[in-house]
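Participant: Dropping a structure here in structure tokens format, bear with me for questions.
Just so you know, all these numbers are worked out from the coordinates, no wet-lab data involved. Values in this document were obtained by computation on a predicted structure and should not be read as measured data. Every residue, glycine among them, receives a Cβ derived from its backbone with ideal geometry; neighbour counts consider all protein chains shown.
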Amino acid sequence: MRVLTLSGFTLVALLTTACGGADKPAETPAAETPVVAAPVAPAAEAPAPAAAPATVAAAAPAPAAVTYASLTGDAAKGEKVFAQCKACHVVEAGKNRVGPSLWAVVGRTSGSIAGFNYSKANKESGVTWSEDVLFTYLEAPAKFMPGTRMAFGGLKSPQDRADVIAYLKTKA
Ligand code: HEC
């Protein structure tokens, strides 16, 4: 359709130029242009836009240590984390296993469960198990308290530590 119309105009323009142009008004090309109903071409299926590649968060490991204060502990998740402590601890009051009862441990003075055979390191550390101290201790117990008998590598994930502390706070 458009091509035809353009050709018509082009032809008229050429004829007009050939016959002296501006002096002679061109005949109305519209009348001569056959109106052909061009078959409507089916709209080409637009290819689905490729899914934008997921933005890869440039999550370089933070060099600065994550502070306990910057985290929010989740007690329910902490109960699952506590499964790793269960080999040696229970949270019931007065029940010691390989490790002392962790009932009301948050805020407790280290080595204070009567009748539990603590190591000298733990008993004499003078530490109070505040949330912040537990957060540091639980990352690497033997590093924080050289000589401890707690044979546990530690919880590397700061969030796991915050969660287990939130759980322990509910057991008091
Ligand atoms: C392999 C056994 C074992 C595992 C696993 C273990 N502990 Fe212990 N834990 C101990 C022992 C033994 C002690 C006593 C350490 C000492 O006397 O030196 C202890 C001591 C502690 C203390 C000090 C308590 C006090 O009265 O001074 C805390 C707090 C503690 N553990 C928390 C945890 C938590 C939380 C976990 C799990 C993330 C855990 N422990 C996993 C064996 C374990």
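Participant: Just one of Lys123, Lys86 is touching a Gly at 6+ places or on another chain (Cβ under 7 Å) and of a type in the set (Lys, Arg); which is it?
Facilitator: Result: Lys123 is the single residue among Lys123, Lys86 that is touching a Gly at 6+ places or on another chain (Cβ under 7 Å) and of a type in the set (Lys, Arg).
Participant: Further question: Sort out which residues of the range 155-172 are assigned to a loop (DSSP other than H, G, I, E, B) and either of a type in the set (A, V, I, L, M) or in contact (Cβ under 8 Å) with a residue 40 or more places away in the chain (or both), and write them in order of number.
Facilitator: Leu155, Thr170, Lys171, Ala172
Participant: Moving on to the next point. Go over the candidates Phe144, Phe152, Phe135 one by one and state the one that is without any contact (Cβ under 8 Å) to a residue 12 or more places away in the chain and of a type in the set (Phe, Trp, Tyr).
Facilitator: So the residue among Phe144, Phe152, Phe135 that is without any contact (Cβ under 8 Å) to a residue 12 or more places away in the chain and of a type in the set (Phe, Trp, Tyr) is Phe144.
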